[in-house]
Amino acid sequence: MNEIADDQNGQNGLAIRTRALNLWYGDFQALYDINLEIKKGLITSLIGPSGCGKTTYLRSINRINERLGYVRTEGTIAVLDHDIYDQGVELAQVRKQIGMVFQRPNPLPISVRDNVLFGFELHAEGRKRMHRSEKDEIVEQALRQVLLWDSVKDRLNKKATGLSLEEQQKLCIARLLPVKPQVLLMDEPCSALDPKGTKAVEELLWELRGEYTIVIVTHNMAQARRASEECIFMLMGEVIEHADTAEMFVTPAKKETANYIEGRYG
Ligand SMILES: Nc1ncnc2c1ncn2[C@@H]1O[C@H](COP(=O)(O)OP(=O)(O)OP(=O)(O)O)[C@@H](O)[C@H]1O
Ligand SMILES: [Mg+2]
């Protein structure tokens, strides 16, 4: 019975399955034999000292790295059961399933409303001809989901670049939602925010969990502890430990993890 339910869920409840992933920038190997199973609907944090490969791994999941001609990858990453490096896979389809948020909010220099609709219209031609009221609804829904509606509802036609950093980062998350991605990848999404903005974005992640699978890179141990359910610790291009967050912070299985969590390096 369980097996059937698991099967319907795809990959036995896994959102991202990475097998034997190795990655080189030219001659430099940045990732070594990464094997990871990231569960559907959870928030998983990715921690480790600067240069350990967190961003590189995150970028492998939506194939941004390959824009660089000198990057070589071996191994497989399956997102919801589809091998994204398979030759038959369309990059646009991969990107549609996976939304990405960066360290610095990067809204387009157009209105708040148009920012929310931009990706949505890009991903399906016919949508441009949608009725205005339908689009209004999409905009409102996305902004409500990121807890931004009340503060920007009177500024929908103002330029997004005029919003506060916290508002901009929430908007960058909001604009992913109408495309209906399954997975949200966030590379230190709070690093440009003050403590209040950080708290607001963390609360938002918690709202989105369940509906989306979220992978968040953070340097902030307190944030990893507060805002994630599972945690992956990386060191020098390798995964050292992947465990339940509470467990990892209380009883890390590896000495290296304990050293990092206790602030002995990085
Ligand atoms: N575009 C690139 N070309 C060459 N080497 C790179 C490139 N990007 C990253 N690297 C190298 O790959 C390794 C991993 O980098 P990465 O940015 O993934 O680390 P990180 O864990 O995200 O670090 P940080 O916490 O500082 O963001 C580092 O040694 C880095 O210098
Ligand atoms: Mg990084």
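The values are calculated or read from the model by the stated rules, or taken from the named source; none is laboratory data. Note that the structure is predicted; figures quoted are calculated from it, not measured. As a convention, Cβ positions derive from the backbone with ideal geometry for all residues, glycine included, and neighbour counts pool all protein chains shown.
Just one of the numbered conditions (1) farther than 22 Å from Val94 by Cα; (2) crowded, with 16+ Cβ neighbours inside 10 Å; (3) within 16 Å of ligand 1 (Cβ to nearest atom) is not true of Ala227; which one?
(3)
Go through Gly210, Gly237 for me and flag whichever is within 25 Å of Leu21 (Cβ to Cβ) and either touching a residue at least 12 places away in the same chain (Cβ under 8 Å) or not acidic (Asp, Glu) (or both). Explain how you work it out, then say what you get.
Working: Gly210 fails: within 25 Å of Leu21 (Cβ to Cβ).
Step by step, each of Gly210, Gly237 is checked, and only Gly237 is within 25 Å of Leu21 (Cβ to Cβ) and either touching a residue at least 12 places away in the same chain (Cβ under 8 Å) or not acidic (Asp, Glu) (or both).
Failed condition for Arg144, given (1) within 21 Å of the chain's Cα centre (by Cα); (2) in contact (Cβ under 8 Å) with a residue 24 or more places away in the chain; (3) not in a loop (DSSP other than H, G, I, E, B), with all others met?
So the condition that Arg144 fails would be (2).
Which strands (runs of 3 or more DSSP E) does the stretch 21-84 wholly contain that include 3 or more residues that are more than 18 Å from the chain's Cα centre (by Cα)? Outline the logic, then answer.
On the way: elements: 28-39, 43-47, 71-79.
Output list reads 28-39, 71-79.
Scanning the stretch 16-66 for residues that are small (Gly, Ala, Ser) and more than 12 Å from Leu185 (Cα to Cα), which turns out farthest from ligand 2 (Cβ to nearest atom)? Talk me through it step by step, then tell me what you get.
Quick first cut of the stretch 16-66, residues small (Gly, Ala, Ser) only: 20, 26, 30, 41, 45, 48, 50-51, 53, 60.
Add one more test, that the residue is more than 12 Å from Leu185 (Cα to Cα), and what stays is 20, 26, 30, 41, 48, 50-51, 53.
Working: Ala20: 22, Gly26: 18, Ala30: 11, Gly41: 25, Gly48: 9, Ser50: 7, Gly51: 8, Gly53: 8 Å.
By that ranking, first place goes to Gly41.
Looking only at residues that are part of a helix (DSSP H, G or I) and surrounded by 10 or more Cβ atoms within 10 Å (Cβ to Cβ) in the stretch 123-133, which one is modelled with the highest pLDDT?
The initial filter retains those residues of the stretch 123-133 that are part of a helix (DSSP H, G or I), namely 123, 125-129, 132-133.
Adding the requirement that they be surrounded by 10 or more Cβ atoms within 10 Å (Cβ to Cβ) leaves 123, 127-128.
Numbers: His123: 79, Arg127: 65, Lys128: 64.
It comes out as His123.
Going by the conditions given, is Glu202 more than 16 Å from ligand 2 (Cβ to nearest atom) and under 17 Å from Phe120 (Cβ atoms)? Give the steps one after another, and end with the answer.
Working: more than 16 Å from ligand 2 (Cβ to nearest atom): yes; under 17 Å from Phe120 (Cβ atoms): no.
Spelling it out, it is not the case that Glu202 is more than 16 Å from ligand 2 (Cβ to nearest atom) and under 17 Å from Phe120 (Cβ atoms).
Within the stretch 230-243, can you find the residues that are closer than 16 Å to Leu185 by Cβ and away from ligand 1 (no atom under 11 Å from the Cβ)? Before you say what the answer is, go through the steps one by one.
Our first condition is that a residue be closer than 16 Å to Leu185 by Cβ; within the stretch 230-243, this holds for 230-232, 234.
Glu230, Cys231, Ile232, listed by residue number.
From the set of residues in the stretch 53-85 that are among the small types (Gly, Ala, Ser) and more than 14 Å from Ala20 (Cβ to Cβ), which is farthest from ligand 1 (Cβ to nearest atom)? It would help to see each step written out before you state the result.
Let us first name the residues in the stretch 53-85 that are among the small types (Gly, Ala, Ser), namely 53, 60, 69, 75, 78.
So of that shortlist, the ones also more than 14 Å from Ala20 (Cβ to Cβ) come out as 53, 69.
Details: Gly53: 4, Gly69: 11 Å.
Ranking the candidates gives Gly69 first.
So, Arg129, is that one within 21 Å of Ile43 (Cα to Cα), among the basic types (Lys, Arg) and without any contact (Cβ under 8 Å) to a residue 40 or more places away in the chain or not? Write out each step before concluding.
Numbers: within 21 Å of Ile43 (Cα to Cα): no; among the basic types (Lys, Arg): yes; without any contact (Cβ under 8 Å) to a residue 40 or more places away in the chain: yes.
No.
Assuming Arg113 fulfils every condition listed in (1) free of Cβ contacts under 8 Å to residues at least 60 places away in the same chain; (2) under 20 Å from Thr56 (Cα atoms); (3) basic (Lys, Arg) apart from one, which condition is it?
(2)
Would you pick out the residues in the stretch 86-114 that are surrounded by fewer than 19 Cβ atoms within 10 Å (Cβ to Cβ), among the charged types (D, E, K, R), away from ligand 1 (no atom under 16 Å from the Cβ) and within 17 Å of the chain's Cα centre (by Cα)?
The answer is Lys96, and nothing else.
Give the residue, chosen from Ile173, Ile138, that is more than 16 Å from ligand 2 (Cβ to nearest atom), within 19 Å of Leu122 (Cβ to Cβ), of a type outside the set (D, E, K, R) and in contact with a helix residue (DSSP H, G or I) (Cβ under 6 Å, 6 or more places away or on another chain).
Numbers: Ile173 fails: in contact with a helix residue (DSSP H, G or I) (Cβ under 6 Å, 6 or more places away or on another chain).
Being more than 16 Å from ligand 2 (Cβ to nearest atom), within 19 Å of Leu122 (Cβ to Cβ), of a type outside the set (D, E, K, R) and in contact with a helix residue (DSSP H, G or I) (Cβ under 6 Å, 6 or more places away or on another chain) holds for just one of Ile173, Ile138, which is Ile138.
Tell me the residue from Ile138, Ile173 that is surrounded by 15 or more Cβ atoms within 10 Å (Cβ to Cβ), of a type outside the set (S, T, N, Q), more than 18 Å from the chain's Cα centre (by Cα) and at pLDDT 90 or above, please. Give the derivation first.
Working: Ile173 fails: more than 18 Å from the chain's Cα centre (by Cα).
On inspection, the qualifying residue turns out to be Ile138.
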